[in-house]
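Notes follow once the structure below has been shown.
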Amino acid sequence: MHELGVTQGLLSLVLEEAEKIGAKRILAIDIVIGELSSYVDDSVQFYFDILSRGTIAEGARLRFHRRKGQAICLDCGFRFEVGLPLPDGCPSCGSPYLQVSGGREFYVESFEVE
Ligand SMILES: [Zn+2]
């Protein structure tokens with residue numbers, strides 16, 4: 001449900017940028033979503049379809065690009081990529097002490113216009 005807010009933000013940003021360059025229509029939008037965020041592609045698409053009605057972004061295709069998070073083991077220093085569910089321990093030494101970063105982004109990478 002929290003996709004509503006981010007989708008609103010995403011749409012207004014794209015509309016604003018498209019207006020600046022005098023676009024007539026927005027055809028596709030590339031969106032980066034971190035694997036560790038709880039945003040669901042289908043929900044973003046669902047809200048987008050509703051919110052974009054009557055705008056030049058109506059009918060635009062949303063392309064989702066998932067980015068993994070990075071984990072580092074605090075015991076052995078092993079680095080690896082993580083998604084959900086998060087691993088219980090380090091795949092190298094089994095330590096439960098992991099530091100996770102990234103993987104929570106949500107932003108527009110680019111978009112196509114006509
Ligand atoms: Zn380790």
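Since every read-out is calculated from the coordinates, none of them should be taken as a lab result. Nothing here was measured: the structure is a model prediction, and the numbers come from that model. Every residue, glycine as well, gets a Cβ built from its backbone with ideal geometry; the counts of neighbours run over all protein chains shown.
Based on the Cβ-Cβ distance of GLU58 and PHE78, what FRET efficiency does E = 1/(1 + (r/R0)^6) give at R0 = 41 Å, to the nearest 0.05? Please report the intermediate quantities before stating the final value.
Working: r = 47 Å, r/R0 = 1.15.
Taking R0 as 41 Å, the efficiency between GLU58 and PHE78 is 0.30.
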Whole-Hz ³J(HN,Hα) from phi, Karplus 6.51 cos²θ - 1.76 cosθ + 1.60, for the range 100-106, glycine and proline x: 10, 9, x, x, 10, 6, 8
Segment VAL32-GLU105, length gained on full extension (0.36 nm per residue, minus Cα span): 25.6 nm
Spacing of the two label points (7 Å from each Cα toward its C-beta) at ASP41 and TYR97, in nm: 3.8
Two-decimal log10 I(q)/I(0) for the chain, as the Debye equation yields it once each C-alpha is a single scatterer, q = 0.12, 0.14 Å⁻¹: -0.51, -0.62
The chain - share of DSSP beta bridges that are antiparallel (%, nearest 5): 70
Estimated [θ] at 222 nm from DSSP helical runs (n ≥ 4, -39500 (n - 2.57)) normalised by residues in the chain, nearest 500: -8500 deg cm²/dmol
Environment charge at SER37 (Cβ cut-off 13 Å; Lys +1, Arg +1, Asp -1, Glu -1): 0
